[in-house]
1. Could you list all residues from segment 299-357 that are assigned to a helix (DSSP H, G or I) and among the β-branched types (Val, Ile, Thr)?
2. For segment 172-192, name all the residues that are among the hydrophobic types (A, V, I, L, M, F, W, C) and touching a Lys or Arg at 6+ places or on another chain (Cβ under 9 Å).
3. Has segment 103-115 got any residue that is small (Gly, Ala, Ser) and buried (at least 18 other Cβ atoms within 10 Å of the Cβ)?
4. Output yes when any residue across segment 278-289 is more than 25 Å from Thr166 (Cα to Cα) and outside any helix (DSSP H, G or I), and no when none is.
5. Starting from segment 338-364, take each residue that is touching a residue at least 24 places away in the same chain (Cβ under 8 Å) and within 26 Å of Thr379 (Cα to Cα) and list its partners that are of a type in the set (S, T, N, Q) and surrounded by 10 or more Cβ atoms within 10 Å (Cβ to Cβ), counting only C-beta distances under 8 angstrom and pairs at least six apart or across chains.
6. I want to confirm something. Restricting to segment 248-264 and keeping residues that are more than 20 Å from Leu165 (Cβ to Cβ) and touching a Leu at 6+ places or on another chain (Cβ under 8 Å), which single residue is surrounded by the most Cβ atoms within 10 Å (Cβ to Cβ)?
7. Could you list, in sequence order, the residues of segment 371-399 that are surrounded by 10 or more Cβ atoms within 10 Å (Cβ to Cβ) and among the charged types (D, E, K, R)?
8. Take the conditions modelled with pLDDT of 85 or more, over 28 Å from the mean Cα position of the chain (by Cα) and not in a helix (DSSP H, G or I) and apply them to Phe255. Does it pass?
Amino acid sequence: MTEPTLFAEKQIRTAKILTVSELNRLANQVLTQSFPLFWVSGEVSNLTRAASGHWYFSLKDTHAQVRCVMFKGRNSYLDWAPKEGDKVEARCTVTLYEARGDFQLTIEYLQRAGLGMLFEAFEKLKAKLQHEGLFDASLKKPLPTQPKKIGIVTSPDAAALRDVLTTLKRRMPSIPIVIYPTPVQGKGAASQIADAIQVANERAECDVLIICRGGGSIEDLWQFNEEIVARAVAECSIPTISGVGHETDFTICDFVADVRAATPTAAAELVTPSRDNLINALSQLNQQLMRTMQYQLNQREQTLDYLSRRLISPLQLIEQQKSQLSQLNYRFNNAIHLQIQHKQHDLLRLSQNLTHLNPQAVLTRGYAFVQNKLGEIVTSSQQLNEKDQVKLTFGRGSAEATINKTSEQFPAK
């Protein structure tokens, strides 16, 4: 045995021997890492919907097929169910069902064949119009709060029109409605939709324009993804609201319109005020007005009562003034009387003081006052000289005398 052969046998003896489970697990890891999320197309066959909610089927073409599984957590998001023979496109990953060693695709999303090209065209036109600024919020016109007339662009036979008319009648039956009829599905419908929008814009008889149709597949709604419709909506001077399809459906028309509604019914609700709500609001305002008026009346009546209590008749006022005058006269007389008493008391006191201080009264007690020949009162011996003539005045009568001698000394006590 050659040396390379011996070396290879030694490696085999020393290498780890894998179990089938380990092999399948490693193979699954290699497949998962090697194939990122991708799209594959094929025809559905051998479709089984298990009690668990999972879907099992095969995708095949003319030369091969592959097992597939779509778990309940994913297929529950689809708004349609595949059937045998459907041409589909699947977004998936490659996995290995380890328990059986089966190669399979795990489906993340499933759509009808051909939608890939439609989505690509949708995104391409969307990017183009967005780049041109047709989606800018600054271009969006506000919807009128109280429209005088409402226009509707749709098919006269569409169920969506009946829903819109029913909603408008329920919410505000007094608003006139103008229908601009057009096919909303089929070949050439996009041009006719655009023409109807242009007619509404030229006639300018409505305050708001609803563009609507009911739900359907992407192919059914495709007319509202056409560029001609988008530009007609963008050029319309009337505020527009797009109500195409169901809540989960989006079209190019939705992005260009001034407002997008989830459904045609929602569009009708957005363009009209609710008559019932207005009546309720008016009733509440009326009640509030009545309460306010009653409150003001109560306030005024209370003020009137207060003023009436202060208001008196002229006769009462004269009587009150007479009473006040009488009180003032009484107080005046009392004040005069008190003043006279005070003055009389002061006069008596002053009279008594005057009597006590009267020199004549002093003279009656044995005193006399001396006057020189000039009539001046002599109060000191220094004012006199010997032989001066003086006049002595007594309590009764007077006498004249001649000074014989003067002395400055007070007589001894």
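1. So in segment 299-357, the residues assigned to a helix (DSSP H, G or I) come out as 299-310, 314-357.
If the condition is that a residue be assigned to a helix (DSSP H, G or I) and among the β-branched types (Val, Ile, Thr), then Thr303, Ile318, Ile336, Ile340, Thr355 are the ones that fit.
2. Correct list: Met172, Ile175, Ile177, Val178, Val184.
3. no
4. No, every residue in segment 278-289 fails to be more than 25 Å from Thr166 (Cα to Cα) and outside any helix (DSSP H, G or I).
5. Hits for this filter: Leu363/Thr393.
6. Val256
7. Listed by number, the residues that qualify are Lys373, Glu376, Asp388, Lys391.
8. No, not satisfied.
The values are calculated or read from the model by the stated rules, or taken from the named source; none is laboratory data. Everything quoted here is computed from the prediction, not taken from an experiment. Cβ atoms come from the backbone with ideal geometry, glycine included; neighbour counts cover every protein chain shown.
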